[in-house]
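This report refers to the structure that appears directly beneath it.
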Amino acid sequence: MRIVNVNINNVEVLDSGTIIQYNNQPIEFDFNLPNFPMKLIMDFKDKNGNSNELNAESDIINETTLKLTFYNYNNPLGTGSTKPIHIATYQGKPLYVNYRIHSLNDSMNKTIHYTFYLSEEKL
């Protein structure tokens, strides 16, 4: 992860970008910040049955790994968070992620636009 100098109202953008999932495998973000061995995993699944309801679940894998699983994120126009999601605390400050996920169809690799924020206060 790279640190860029973008500040928006006491919010520092740590990283922002776009990634295309490869072979439908989970996306792993390793935070290369000093004394912060955190990993965020984004995984994508479709729920069986008649439900096309969007759902996102979080699981703490261990003390340094958080997994977000997104169900039924198959909209070609994109689906994402309406506000930044608090995922951790770094140096006493809240760390957030905001994302948009696009998919051409159910079986295609996802395109993920993401931004990681470090805030002076809780958003």
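The values are calculated or read from the model by the stated rules, or taken from the named source; none is laboratory data. Source: prediction; values computed, not measured. Positions of Cβ are backbone-derived with ideal geometry, glycine not excepted, and every protein chain shown enters the neighbour counts. Just so you know, the surface numbers come from the protein's heavy atoms only, side chains and all, with ligands and any DNA or RNA stripped out. Shrake-Rupley method; radii C 1.70, N 1.55, O 1.52, S 1.80 Å.
Given the criterion at positive phi and either surrounded by 17 or more Cβ atoms within 10 Å (Cβ to Cβ) or assigned to a loop (DSSP other than H, G, I, E, B) (or both), identify the matching residue among N74, N24, N109, N52.
Details: N74 fails: at positive phi; N109 fails: at positive phi; N52 fails: at positive phi.
Result: N24 is the single residue among N74, N24, N109, N52 that is at positive phi and either surrounded by 17 or more Cβ atoms within 10 Å (Cβ to Cβ) or assigned to a loop (DSSP other than H, G, I, E, B) (or both).
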Residue list for segment 34-49, restricted to those being modelled with pLDDT under 90 and buried (at least 16 other Cβ atoms within 10 Å of the Cβ)
none
Return yes when N62 is free of Cβ contacts under 8 Å to residues at least 12 places away in the same chain, of a type outside the set (G, A, S) and open to solvent by less than 80 Å² (accessible area, probe 1.4 Å) and no when it is not.
yes
Check P94 against each of (1) assigned to a strand (DSSP E or B); (2) open to solvent by 30 Å² or more (accessible area, probe 1.4 Å) and name the one condition it does not meet.
(2)
